[in-house]
Amino acid sequence: MALPTSIKLFEMAPRDGLQNEPGTLVPTATKIELIERLANAGLTHIEAASFVSPKWVPQMGDASEVMRGIARKPGVVYSALTPNLKGLEGALAAGVEEVAVFGAASEAFSQKNINCSIAESLTRFEPVLARANEAGVRVRGYVSCVLGCPYEGDISPQKVAEVANALYEMGCYEISLGDTIGVGTPLAAKRMIEATRQQVPIEYLAAHFHDTYGMALANLYAVMEEGVGVIDAATAGLGGCPYAKGASGNVATEDVLYLLEGLGINTGIDLQAVIDTGVWITQQLGRKPSSKVALAKGTGTQ
């Protein structure tokens, strides 16, 4: 199959990256500036916050303040993670226009991550989608551990397909398939997509690949060959998962952009601006960018 002629990039750094940042809390103003910098660089889909319990994820305790504080740019979708009705109501009150729910293809991971079985998690999502639909808000679905689990090991592509289909049938407009611990390889990624597209149309699927073993770009190219046209990425490669020991961040937005530019796929996103944003946010966090492209091309102006 030919590669897609266009790719939608879904930016995860404000949520996936900062949520799992250890140590002191990231200031609200820093989160807002990161989101605004990313929008100014040309990213049009940004997951900006998580409306989760601050008891479990203190870093996201200011989700409402972040969403209300953003200077929203026309044409940019600012979404938020809302695992339950309480989170959804908070997001709606903050003016969120798109939300997301998250499940897993692994029973053990589901128990560790959200303290319930896969089936129970899907049942919990039903009222969330019903309320979101009532409010005219689109819902995105995430499936974790699609290429491997830290507790169960290999995951059956058929199981991934079943969970993705459940979210699709429930009304999710897009289902993001996550290699949460970054253990996947291109053939495994292809087989997972081949199985899933039998139950969910390919245009509803997105790839969310972490780069723990340095395979994320190769895996993305493999699923692009299968027709996947939506890619989740995080500037500076920020992210990880507190319930998946050793998991590194999501694939770096900078590296994905470099790949797409090399393939002649225009995204409308300013690569240098994203590199500069990655350098800036990692300096704020006392870290270094994990993007190979950022390290190779230099920092530019921050």
Query raised in the report: Just to be sure, is residue 129 in contact with a helix residue (DSSP H, G or I) (Cβ under 7 Å, 6 or more places away or on another chain), buried (at least 16 other Cβ atoms within 10 Å of the Cβ) and within 19 Å of residue 51 (Cβ to Cβ)?
Result: yes
Query raised in the report: Of everything in the stretch 82-115 that's hydrophobic (A, V, I, L, M, F, W, C) and in a strand (DSSP E or B), which residue is farthest from residue 172 (Cα to Cα)?
Result: 104
**Report entry** residue 109, sole failed condition from (1) open to solvent by 60 Å² or more (accessible area, probe 1.4 Å); (2) at pLDDT below 95; (3) not polar (S, T, N, Q)
**Finding:** (1)
Report summary line: Residue hits (the stretch 127-165; in contact (Cβ under 8 Å) with a residue 60 or more places away in the chain and farther than 14 Å from residue 178 by Cβ) are none
Query raised in the report: Any idea which residue in the stretch 148-161 is nearest to residue 185 (Cα to Cα), counting only those that are open to solvent by 10 Å² or more (accessible area, probe 1.4 Å) and in contact with a Lys or Arg (Cβ under 9 Å, 6 or more places away or on another chain)?
Result: 157
Query raised in the report: If a residue has to be within 12 Å of residue 68 (Cα to Cα) and open to solvent by less than 10 Å² (accessible area, probe 1.4 Å) to count, how many in the stretch 82-93 make the cut?
Result: 1
Query raised in the report: Hey, which of the strands (runs of 3 or more DSSP E) in the stretch 160-274, taking only ones fully inside, have at least 2 residues that are under 14 Å from residue 144 (Cα atoms)?
Result: 174-179, 205-209
Query - Qualifying positions in the stretch 255-270 - open to solvent by less than 70 Å² (accessible area, probe 1.4 Å) and in contact (Cβ under 8 Å) with a residue 12 or more places away in the chain - result: 255, 256, 257, 259, 260, 263, 265, 267, 268, 269
Query raised in the report: Any residue at all in the stretch 41-49 that is modelled with pLDDT of 95 or more, of a type in the set (A, V, I, L, M, F, W, C) and either surrounded by fewer than 17 Cβ atoms within 10 Å (Cβ to Cβ) or part of a helix (DSSP H, G or I) (or both)?
Result: no
Query raised in the report: Is it the case that residue 178 is over 25 Å from residue 35 (Cβ atoms) and buried (at least 20 other Cβ atoms within 10 Å of the Cβ)?
Result: no
Report summary line: The condition of being of a type outside the set (A, V, I, L, M, F, W, C) and in contact with a helix residue (DSSP H, G or I) (Cβ under 8 Å, 6 or more places away or on another chain) holds, among 136, 171, only for 171
Query - Test result for residue 79, of a type in the set (Ser, Thr, Tyr) and either in a helix (DSSP H, G or I) or open to solvent by 30 Å² or more (accessible area, probe 1.4 Å) (or both) - result: no
Query raised in the report: Which of the residues belonging to the stretch 259-273 are in contact with a strand residue (DSSP E or B) (Cβ under 9 Å, 6 or more places away or on another chain) and of a type outside the set (S, T, N, Q)?
Result: 260, 269
**Report entry** Cross-chain or 6+ apart pairs with Cβ under 6 Å, the stretch 86-100 first and on the phi < 0 side of the Ramachandran plot, then open to solvent by 40 Å² or more (accessible area, probe 1.4 Å) and of a type in the set (Gly, Ala, Ser)
**Finding:** 92/135
Query raised in the report: Which is over 29 Å from residue 78 (Cα atoms), of a type in the set (A, V, I, L, M, F, W, C) and open to solvent by less than 50 Å² (accessible area, probe 1.4 Å), of 164, 195?
Result: 195
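Matching residues to (1) open to solvent by less than 10 Å² (accessible area, probe 1.4 Å); (2) small (Gly, Ala, Ser); (3) under 20 Å from the mean Cα position of the chain (by Cα); (4) under 30 Å from residue 188 (Cβ atoms):
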site	(1), (2), (3), (4)
97	no, no, yes, no
103	yes, yes, yes, yes
113	no, no, yes, yes
125	yes, no, yes, yes
146	yes, no, yes, yes
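The values are calculated or read from the model by the stated rules, or taken from the named source; none is laboratory data. Just so you know, these numbers come straight off a predicted model, no measurement behind them. Methodologically, a virtual Cβ is constructed for each residue, glycine included, from the backbone with ideal geometry; neighbour enumeration extends over all protein chains shown. Heavy atoms of the whole protein, side chains included, go into the accessibility calculation; ligands, DNA and RNA do not. Shrake-Rupley method; radii C 1.70, N 1.55, O 1.52, S 1.80 Å.
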